[in-house]
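Trainee: I'd like to ask some things about the structure below.
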Amino acid sequence: MQNSNASISGNILKNIQQSGIITNNSTAYVIRNLLINCGTAGSDYRAIDCDSSFSRSFIINNTIVNCTNGIVCYNSAAPTIRNNIIVNNTHNGIYCFSGGNPTLLFNCVWNNGTNYNGCIPGSNDISADPLFTTGPGGECYLSHVAAGQSINSPCIDAGDTTAEALNLDIYTTRSDTIHDEGIVDLGYHYDIKAVFGISERNSIVPANLLLQVYPNPSFGYIFLKMSGEYHQFGDETKIIIYNCGGIVVKEINIGKYFSGLKKIELGNLPSGIYFYTIKQNGEHFSHAKIVLIR
């Protein structure tokens, strides 16, 4: 990814020979990704690559395990790296050179060839076995006594804010798939269901139609996506956005005809928690939460 602003979230990348995610010359939000066994073609490859002073990315709640290198920052790249689990990587956990200068906050960096190369741990970083366990979605859930394991992972409730603030309270680190709550757990959070869309709410949308709004957290825009190729709404269909006080802060007309995917700008709304509803011909038929991060 070059010269762009984008969100990369909810991906599982496994067994990739070259680098997994590259954020050259961009401001990217890399949130809730699981990278396993990436960069196997050689020591120059890494799970997440941050290049140049224009790369001021936010790398949040990812798990990077068994890769050649974890996160590499160079050419004055200055990403914010927070709430990640970076363990068991062959060469480096976090590697900085040629002016790479990340901000490190609340990460678990453990058992890499070199945990920190060219940088020092963040003041709230930990270095401990995250105690992975296997669950319905894979092998990187965290051990929870409440989920039936014998010991709690040190990565439970170890983040810098609440799960709700990062919109991770609808995902899980537990093998019994109970959602995260309170202080956010470190690392990747698995889906509780294979597909989470607003069609799960009480809705007049047909049962065979999946309506999704993403990315969430949002970074100034959202996409409205509907399954299928073509849909006809009523003349008065809108997305209405409310703040936590229930005040309408934005209304967006969707229009009568809609095909596939629509980008919706959130304008100058400040960071915070919002709620949206979709209103069709005077009736509210779907609603959910949006976390906006600026």
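Trainee: List Ser175, Ser123 from most exposed to least, where exposure is judged by having the fewest other Cβ atoms within 10 Å.
Mentor: So the residues, fewest neighbours to most, are Ser123, Ser175.
Trainee: Still on this model: Step through the residues of segment 112-126 one at a time and calculate ³J(HN,Hα) from phi using the Karplus curve (6.51 cos²θ - 1.76 cosθ + 1.60, θ = phi - 60°), rounding each to whole Hz and writing x for Gly and Pro.
Mentor: Once rounded to whole Hz, the list reads 8, x, 10, 5, 10, 10, x, 8, 10, x, x, 4, 10, 5, 10.
Trainee: Further question on the same structure: Note down the nm distance, to one decimal, between modelled labels 7 Å out along Cα→Cβ at Asn253 and at Ile12.
Mentor: Label at Asn253, label at Ile12, 4.3 nm between them.
Trainee: Order of Val145, Val109 from fewest to most other C-beta atoms within 10 Å?
Mentor: Ascending Cβ contact count within 10 Å gives the list Val145, Val109.
Trainee: When a/c reaches 1.5 or more, the comparison of a/b and b/c decides; with that in mind, is segment 86-141 rounded, prolate or oblate per its Cα gyration tensor?
Mentor: prolate
Trainee: Okay, next question. For Gly159, what residues show an amide H to amide H distance below 5 Å, using hydrogens built from the backbone and excluding near sequence neighbours?
Mentor: Those lying under 5 Å, H to H, from Gly159 are Val184, Leu186.
Trainee: While we're looking at this one, here's another question. Starting from the amide H of Ile21, placed 1.01 Å from N in the peptide plane, find each other amide H under 5 Å away whose residue is 5 or more places distant or on another chain.
Mentor: Residues meeting the amide H criterion: Ile48, Asp49.
Trainee: Convert each backbone phi in segment 38-49 into a coupling constant with the Karplus relation 6.51 cos²θ - 1.76 cosθ + 1.60 (shift: θ = phi - 60°), then list the ³J(HN,Hα) values in order as whole Hz, x for Gly and Pro.
Mentor: 9, x, 6, 6, x, 5, 7, 9, 8, 5, 10, 10
Trainee: Using Cβ counts within 10 Å as a stand-in for footprinting exposure, how do Thr173, Thr23, Thr103 rank, fewest first?
Mentor: Thr103, Thr23, Thr173
Trainee: Using θ = phi - 60° and the Karplus curve 6.51 cos²θ - 1.76 cosθ + 1.60, what whole-Hz ³J(HN,Hα) does each residue of segment 11-22 get, with Gly and Pro shown as x?
Mentor: Per residue, the Karplus-derived 3J(HN,Hα) values read 9, 10, 10, 10, 6, 9, 5, 9, 5, x, 10, 10 Hz.
Trainee: With r defined as the distance between the Cβ atoms of Cys244 and Asn152 and R0 fixed at 30 Å, what FRET efficiency is calculated, to the nearest 0.05?
Mentor: 0.40
Trainee: Compute the separation of the alpha-carbon centres of segment 106-122 and segment 23-44 and state it in Å as a whole number.
Mentor: About 16 Å separates the Cα centre of segment 106-122 from the one of segment 23-44.
Trainee: I've got another one for you. State whether segment 26-68 is rounded, prolate or oblate according to the following rule on the C-alpha gyration tensor (a ≥ b ≥ c being the square roots of its eigenvalues): a/c under 1.5 gives rounded; otherwise a/b larger than b/c gives prolate, and the remaining case gives oblate.
Mentor: It is oblate, given that a/c is not under 1.5 and a/b is not larger than b/c.
Trainee: If you don't mind, there's one more thing I want to ask. When a/c is below 1.5 the answer is rounded, else prolate if a/b is larger than b/c, else oblate, so apply that to segment 40-88 with a ≥ b ≥ c taken from the square roots of the Cα gyration tensor eigenvalues.
Mentor: oblate
Trainee: Here's a follow-up. Between Thr162 and Asn66, what is the label-point separation in nm under the 7 Å Cα-to-beta-carbon projection?
Mentor: 3.6
Values in this text are rule-based calculations from the coordinates and carry no lab data. As the structure is a computational prediction, the values presented were derived from the model and not from experiment. Ideal geometry is used to build each Cβ from the backbone, glycine not excepted, and the neighbour counts take in all protein chains shown.
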